[in-house]
Amino acid sequence: MLPSSLLLLVSLGAGLVQSKHTLDDLYLENAPSSPRPYVIPHYANSHAVTIGSQLYRFTVTGPSSGHAFTLMSTNAPASGSLGVLPHIHRAHYENFFAFKGRFQLWAQKDKKEQQARLLTQGDYGSVVRNTTHTFQILDPDTEMVGVIVPGGFEDLFYNLGTNYTSRTDTPYVPKATNGSAATGPSGSGISSLQKFDVYAQLDFQPRRDLVNGTAPVFSSEWHTDANTLGAPGEPYFVANGYGPKYLNSQHGYQIVQPLVTPKQAQDTNYTLSTISISRQTKTHAPSWTLAGAAAFEVLEGVLSIQIDDYPVARLNMGDVAFIPARVPFSYYSEVAFTKVLYVSGGTKGVDQQLVQRGKSWDFVTFPTS
């Protein structure tokens, strides 16, 4: 038997190992300069900048994700003009997700017919490379979530914007606006941004003939019937709950609604989905270790997540968790219904694995038993 003094030392040593990290270590105000596990609360001023009346926050950056992707939010009031002048990206794939409020999004690839949609909470727009696009914010409290691949596109906003901090973490700066001036750079300004992969398309005229939130009217379904994911290299839109859905019942119920699969991503090496999670317990939550980085942003409910040897974090609406490649984690919901936006920096993330082990499903809700 070990002497009591030695037992005490062993016990203290074990305790030191178990308490290596705390929740304070996990929660950050700014995305770090290299990949590590972290959580950023909603409205934290992570690398925030203002451009006109728009406030941009970057919860996952190029450096923090190993340049896998950028995850950002745009908060702004309603405007009578475009949020940015029309442009294309040749190297970046941009994704628009409506977190709350309303905004209008236009997209046109090559000489095909211009597409326009009015996006409300949970709607999604895919802007693939070489697609002319622009947007307009329509509600007083609107938040767009952007996923841009590869990471690092935030450098554009750092160049254009003014650094922002707030003691109140207000969604955006309240100030008077006449709604007449574009919030982004001018025509001459946007034409000088090619080094940031922004190529002005100043001849583009956004169509205004939307009916029930869509144009063209007779060749698209918008909040009326099923939406399919677009063909590779083509822009497309998915209304909230109207896209393909898959039910996985391995560990409680999870409903995956893919927005970008490996087919759409092509050589950009990522996927994007929403995942709805039924009530679970920590003991039934599987552990995941992925080859690529991953991020969760809570859309509804409360997500419990344990990353590596950090304590369990409980994320509320708008909070973001980032997990680097090859770092183990598990997640679950202790409330009846939790929904997250999930980004995978690779084509074999949680969403694709759940789909492969699940089945096609027609509903946004779980079975009753």
task = Those residues that are within 27 Å of N130 (Cβ to Cβ) and among the basic types (K, R), I need them from the range 223-263; list them, please.
result = K263
task = Filter the range 1-28 down to the residues that are out of contact with any strand residue (DSSP E or B) (no Cβ under 7 Å at 6 or more places or on another chain) and closer than 30 Å to G152 by Cβ, then identify the one that is modelled with the lowest pLDDT.
result = H21
inquiry  = Which residue is nearest to Q257 (Cα to Cα), if the candidates are limited to the range 310-369 and must be surrounded by 18 or more Cβ atoms within 10 Å (Cβ to Cβ) and among the charged types (D, E, K, R)?
reply    = D351
key: The lone exception for K100 - which of (1) farther than 18 Å from R208 by Cα; (2) in contact with a Pro (Cβ under 7 Å, 6 or more places away or on another chain); (3) not aromatic (F, W, Y) it fails   = (2)
key: Contacts under 9 angstrom Cβ, first residue in the range 110-135 being free of Cβ contacts under 8 Å to residues at least 60 places away in the same chain and aromatic (F, W, Y), partner open to solvent by less than 10 Å² (accessible area, probe 1.4 Å) and in a loop (DSSP other than H, G, I, E, B), 6 or more apart   = F135/G83
key: Test: S369 is in a loop (DSSP other than H, G, I, E, B) and of a type in the set (S, T, N, Q)   = yes
query = Only one of (1) closer than 30 Å to G151 by Cα; (2) among the polar types (S, T, N, Q); (3) at pLDDT below 95 fails for S180. Which number is that?
reply = (1)
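I need the full set of residues from the range 291-307 which are open to solvent by 20 Å² or more (accessible area, probe 1.4 Å) and within 21 Å of F69 (Cα to Cα), in order please. Outline the logic, then answer.
We begin by selecting, within the range 291-307, every residue open to solvent by 20 Å² or more (accessible area, probe 1.4 Å); these are 291, 299-302, 306.
Result: A291, L299.
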task = Only strands (runs of 3 or more DSSP E) wholly contained in the range 203-279 count here; list those with 2 or more residues that are more than 28 Å from K111 (Cβ to Cβ).
result = 246-248, 254-260, 271-278
remark   = Result of the Cβ filter at 9 Å on the range 218-233, keeping first residues that are within 14 Å of Q115 (Cα to Cα) and open to solvent by 80 Å² or more (accessible area, probe 1.4 Å) and partners that are in a loop (DSSP other than H, G, I, E, B) and small (G, A, S), at least 6 apart or interchain, is E221/A239
key: Residues that are touching a strand residue (DSSP E or B) at 6+ places or on another chain (Cβ under 6 Å) and not aliphatic (A, V, I, L, M), drawn from the range 206-223   = P206, R207, D209, G213, T214, S220, W222
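Would you mind listing the strands (runs of 3 or more DSSP E) fully within the range 15-87 where at least 2 residues are over 22 Å from A200 (Cα atoms) and either open to solvent by less than 40 Å² (accessible area, probe 1.4 Å) or touching a residue at least 60 places away in the same chain (Cβ under 8 Å) (or both)?
38-40, 54-60, 70-76
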query = Going by the conditions given, is L354 at pLDDT 95 or above and either in a loop (DSSP other than H, G, I, E, B) or closer than 19 Å to P41 by Cα (or both)?
reply = no
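The values are calculated or read from the model by the stated rules, or taken from the named source; none is laboratory data. Please read these numbers as outputs of a predicted model, since none were measured by experiment. For neighbour counting, all protein chains shown are included, and Cβ atoms are generated from backbone atoms with ideal geometry for every residue, glycine included. Note: accessible area is taken over every heavy atom of the protein model, side chains too, but ligands, DNA and RNA are not part of it. Shrake-Rupley method; radii C 1.70, N 1.55, O 1.52, S 1.80 Å.
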